[in-house]
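**Q** Quick one: this structure, given as structure tokens, is what I'll be asking you about.
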Amino acid sequence: MTTLVHLPYSPWSEKARFALDHHRIPHRRVTYQPMVGELPLRIVTRRLRGRVSVPVLLADEGAIFDSAAIARWAEAHGSGASLFPHELSPEIERWSSLSEAALAAGRKLALARSLESPEA
């Protein structure tokens, strides 16, 4: 069965979950455990070097990294209305780029605030 390795609180994981659900892709969800789960994730994805992050979709074809790539995979393998109509490609790409920039900025702010907090 197709497996989504994700972080429940991650907006990138939410994008991947939405696309899989929208396209009615049956899948199992596994919550990634930072640090503890890195070595098992590297082994299962066969990415022993470089950066690994979630979400990752483990499909018959292999590991699919990145929420946008997962959404495109779901589009090709599932059913339901298209999330990427060809005639809207330029607009979709523009909004996707803006979304990625906003999410990256939010992650930086959250990390900075976490580093200031002894409880975090």
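**Q** Would you tally the residues in segment 18-61 being open to solvent by 20 Å² or more (accessible area, probe 1.4 Å), under 13 Å from His6 (Cα atoms), outside any loop (DSSP other than H, G, I, E, B) and touching a helix residue (DSSP H, G or I) at 6+ places or on another chain (Cβ under 9 Å)?
**A** Final tally of qualifying residues: 3.
**Q** From (1) open to solvent by less than 90 Å² (accessible area, probe 1.4 Å); (2) in contact with a helix residue (DSSP H, G or I) (Cβ under 8 Å, 6 or more places away or on another chain); (3) assigned to a loop (DSSP other than H, G, I, E, B), pick out the condition that doesn't hold for Ile70.
**A** Only one criterion in (1) open to solvent by less than 90 Å² (accessible area, probe 1.4 Å); (2) in contact with a helix residue (DSSP H, G or I) (Cβ under 8 Å, 6 or more places away or on another chain); (3) assigned to a loop (DSSP other than H, G, I, E, B) is unmet by Ile70, namely (3).
**Q** Only residues that are in contact (Cβ under 8 Å) with a residue 12 or more places away in the chain and among the polar types (S, T, N, Q): list them for segment 40-93, please.
**A** Passing the criteria: Thr45, Ser53, Ser67, Ser79.
**Q** Additional query: Being modelled with pLDDT of 95 or more and either more than 15 Å from the chain's Cα centre (by Cα) or hydrophobic (A, V, I, L, M, F, W, C) (or both) is the filter here, so list the residues in segment 24-35 that pass it.
**A** If the condition is that a residue be modelled with pLDDT of 95 or more and either more than 15 Å from the chain's Cα centre (by Cα) or hydrophobic (A, V, I, L, M, F, W, C) (or both), then Arg24, Ile25, Pro26, Val30 are the ones that fit.
**Q** Can you tell me which residue within segment 73-103, out of those that are loosely packed, with under 10 Cβ neighbours inside 10 Å and farther than 21 Å from Leu20 by Cβ, is farthest from the chain's Cα centre (by Cα)?
**A** It comes out as Glu87.
**Q** Could you please give the count of residues in segment 1-17 that are surrounded by fewer than 17 Cβ atoms within 10 Å (Cβ to Cβ) and part of a helix (DSSP H, G or I)?
**A** Going through segment 1-17 one residue at a time, the tally reaches 2.
**Q** Now for a different question. For segment 73-87, what are the residues that are part of a helix (DSSP H, G or I) and either in contact with a helix residue (DSSP H, G or I) (Cβ under 9 Å, 6 or more places away or on another chain) or at pLDDT below 95 (or both)?
**A** Trp73, Ala74, Glu75, His86
Let's see how each residue does on (1) touching an Asp or Glu at 6+ places or on another chain (Cβ under 6 Å); (2) under 22 Å from Phe84 (Cα atoms); (3) charged (D, E, K, R):
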{"site": "Pro11", "(1), (2), (3)": "no, yes, no"}
{"site": "Arg24", "(1), (2), (3)": "no, yes, yes"}
{"site": "Thr45", "(1), (2), (3)": "no, no, no"}
{"site": "Val56", "(1), (2), (3)": "no, yes, no"}
{"site": "Asp60", "(1), (2), (3)": "no, no, yes"}
{"site": "Phe65", "(1), (2), (3)": "no, yes, no"}
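The values are calculated or read from the model by the stated rules, or taken from the named source; none is laboratory data. The shown structure was predicted, so the numbers you read here are calculated from the model rather than taken from an experiment. All Cβ positions, even for glycine, are placed from backbone atoms using ideal geometry, and neighbour counts span all protein chains on display. Heavy atoms of the whole protein, side chains included, go into the accessibility calculation; ligands, DNA and RNA do not. Shrake-Rupley method; radii C 1.70, N 1.55, O 1.52, S 1.80 Å.
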